[in-house]
Amino acid sequence: MIDFHPPKLEDKPWVDALLKQADYRGCDYNFTTLFTWGQAYRMEIAQAEGFFLTRLCGRMGCSYLYPAGTGDLDRVLQVLEADALERGAPLRLVCVTPGQMADLEDRFPGGFTFTGDRDGYEYLYEIDRLADLGGKKLHAKRNHINRFMERYPDWRFEEITPESLPECLEMDKEWYRRSLQREGEAEGPDLRAEVAALRRAMEHYAALGLEGGLLRAEGRVIAFTMGDKLCSDTYDVHFEKAYGEIQGAYAVINREFARWVRAHHPEIRYLNREDDMGVEGLRRAKESYYPDQMVEKYAAVWTRSAGGGCCP
């Protein structure tokens, strides 16, 4: 059985090294994601055969992330299958992209069954589009920003610092309180998990290498966002919070952070704004920015009836 363990801060260097080799655009292949959401989804990590491995248990059951790294893929899949069978289940891979799905089918024709996970699809946007908001499609976003600037002429965007991080925490606590008071909205497992992940990110902000910005108006923090580099050309926006009743707050923090990332990471082409978890309002919000690409995700389950193990 593979020696999996929960992600620890001291794992970050070797995990980052293997994830850099894989260069995946999916947010699941990011140490901050693994560390902050690890408790909610019972994530455990390990390395074997030159690959980074993750085992997790969530809404789709217990599964493994598609391996990340370089080496003999057939061999590492054989190791994963043996681990799954020891735990009494078939090999189930998640966060499988269409390209990886095609590779699995080419290697093992008919050996895997595939199921799409639309709620887990991630939204990728060209950073220049979010930073400049040009074109007719984003006209409404520009209008929201104009209304915000008229209402709050003293607004300013600031990089998050150790001194301002506690202000962001207090703003998040107030945002959470208001969200629970909203008519018809109750605390659910996704909201609780997000709160826990965000608090964990704040607690270890510097150690995780996080970067962020906040929006201040009338002297108080009304929005903030945090992220870090995901792969060679993509930056992951892990968290974004704004008071929804303030028109344009979300649009402004989104635009200003895109500009900040572009200025500080000129190699970045895409912002990954992660998935919508199947939440209707969140899906509408993400689609309203017209994503340039989607990180499609599928689950792949090895079919024992295909005969033998998944590898020669």
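Rounded to the nearest 5, what is the percent of antiparallel bridges among the DSSP beta bridges in segment 1-149?
Antiparallel bridges make up about 85 percent of those DSSP assigns within segment 1-149.
How far apart, in nm, are two points set 7 Å out from the Cα along the Cα-to-Cβ line at MET294 and at GLN21?
The answer from the label model is 3.2 nm.
What ranking of SER288, SER232, SER164 comes out by heavy-atom accessible area, probe 1.4 Å, highest first?
Largest to smallest exposure gives the sequence SER232, SER288, SER164.
Lys and Arg at +1, Asp and Glu at -1: add these up for the other residues within a Cβ distance under 11 Å of GLY227 and post the number.
Neighbourhood net charge equals -3.
Once fully extended, how much extra length lies between HIS139 and CYS57, figured as 0.36 nm per residue of separation less the alpha-carbon to alpha-carbon distance?
Once the chain is fully extended between HIS139 and CYS57, it gains 25.4 nm.
Starting from the amide H of TYR152, placed 1.01 Å from N in the peptide plane, find each other amide H under 5 Å away whose residue is 5 or more places distant or on another chain.
Here the answer is none, since no amide H 5 or more places off falls under 5 Å of that of TYR152.
For segment 58-112 and segment 207-230, what is the separation of their Cα centres, given in Å?
About 36 Å separates the Cα centre of segment 58-112 from the one of segment 207-230.
With each label point set 7 Å from Cα along the Cα-Cβ vector, what nm distance links HIS204 and ASP190?
Placing both labels 7 Å beyond Cα along the Cβ direction yields 2.5 nm.
Ordering TRP175, TRP155 by how much accessible area each has at a 1.4 Å probe, largest first, what is the list?
Output order, biggest surface exposure first: TRP155, TRP175.
Among LEU271, ALA197, LEU180, whose Cα lies farthest out toward the positive end of the dipole of the chain, if unit charges sit on the beta carbon of Lys, Arg (+1) and Asp, Glu (-1)?
About the Cα centre, the residue reaching furthest to the positive side is LEU180.
In whole Å, what three semi-axes, largest first, describe the equivalent ellipsoid of the chain built from its Cα gyration tensor (square root of 5 times each eigenvalue)?
Three semi-axes, in Å: 37, 20, 18.
Along the charge dipole of the chain, which of GLY248, ALA48, PRO109 sits closest to the positive end, that is, farthest toward it, with unit charges on the beta carbon of Lys, Arg, Asp and Glu (+1, +1, -1, -1)?
Comparing the listed Cα positions along the dipole, GLY248 ranks first.
Enter the accessible area per residue of the chain (Å², integer; probe 1.4 Å; all protein chains in place).
Result: 45 Å² of accessible area for each residue.
For segment 249-295 and segment 1-35, write down the distance between their C-alpha centroids in whole Å.
23
Amide H of PHE239 versus every other amide H placed in the peptide plane: which residues, excluding those fewer than 5 positions away on the same chain, fall under 5 Å?
Long-range HN contacts for PHE239: MET226.
Given the DSSP H assignment, sum -39500 (n - 2.57) over each helix run of at least 4 residues in the chain and divide by its residue total; what's the result at 222 nm in deg cm²/dmol, nearest 500?
Result for the chain, helices only: -11500 deg cm²/dmol.
Given the Cα-Cα distance of THR113 and HIS265 and 0.36 nm per residue of separation, how much length would full extension add, in nm?
Stretched fully, the THR113-HIS265 segment lengthens by 50.8 nm.
Could you tell me the accessible area of PHE157 in Å² (1.4 Å probe, neighbours in place), rounded to the nearest ten?
Here the accessible area works out near 50 Å².
Give the accessible area for ARG107 in Å² (nearest 10); use a 1.4 Å probe, count only protein heavy atoms, and leave out ligands, DNA and RNA.
About 100 Å², ignoring ligands and nucleic acids.
In segment 1-89, what percentage of the DSSP-assigned beta bridges are antiparallel, given to the nearest 5?
Just about 100 percent of them are antiparallel.
Counting only protein heavy atoms and a 1.4 Å probe, tell me what percentage of the chain's accessible area is made up of carbon and sulfur.
Of the solvent-accessible surface of the chain, carbon and sulfur hold 50 percent.
Using protein chains only and a probe of 1.4 angstrom, how many square angstrom of LEU19 are accessible, to the nearest 10?
10
Could you run the Karplus curve 6.51 cos²θ - 1.76 cosθ + 1.60 with θ = phi - 60° over segment 249-265 and give me ³J(HN,Hα) per residue in whole Hz, x for Gly and Pro?
Karplus values, whole Hz, x for Gly and Pro: 4, 5, 5, 6, 5, 4, 5, 5, 6, 4, 5, 5, 4, 4, 6, 9, 9.
Check ALA68: other-chain or 5+ apart residues with amide H under 5 Å from its amide H, H built from backbone geometry?
The list, which skips near neighbours in sequence, is PHE52.
Under a 10 Å cutoff between Cα atoms, tell me which one of ALA223, ALA207, ALA258 has the largest fluctuation in the Gaussian network model of the chain.
Among ALA223, ALA207, ALA258, the largest GNM mean-square fluctuation belongs to ALA207.
If I take R0 = 25 Å and measure r between the Cβ atoms of GLU174 and MET277 in this structure, what FRET efficiency does the formula 1/(1 + (r/R0)^6) give, to the nearest 0.05?
After rounding to 0.05, the efficiency reads 0.65.
Counting Lys and Arg as +1 and Asp and Glu as -1, each charge on the Cβ, what is the dipole of the chain about the Cα centre in debye, to the nearest 20?
The dipole of the chain has a size of about 720 debye.
Go ahead and set up a Gaussian network model of the chain, Cα springs under 10 Å, then flag whichever of ASP276, ASP103, ASP128 fluctuates most.
ASP103
Could you go through segment 24-30 in sequence order and give the Karplus-derived ³J(HN,Hα) for each residue, using 6.51 cos²θ - 1.76 cosθ + 1.60 with θ = phi - 60°, rounded to whole Hz, and x for Gly and Pro?
With coefficients 6.51, -1.76 and 1.60, one gets 7, 8, x, 5, 5, 9, 8 Hz.
The values are calculated or read from the model by the stated rules, or taken from the named source; none is laboratory data. None of the values given here were measured: they were computed from a predicted structure. Virtual Cβ from ideal backbone geometry, glycine too; neighbours counted across all protein chains shown. Accessible surface areas use protein heavy atoms only, side chains included; no ligands, DNA or RNA. Shrake-Rupley method; radii C 1.70, N 1.55, O 1.52, S 1.80 Å.
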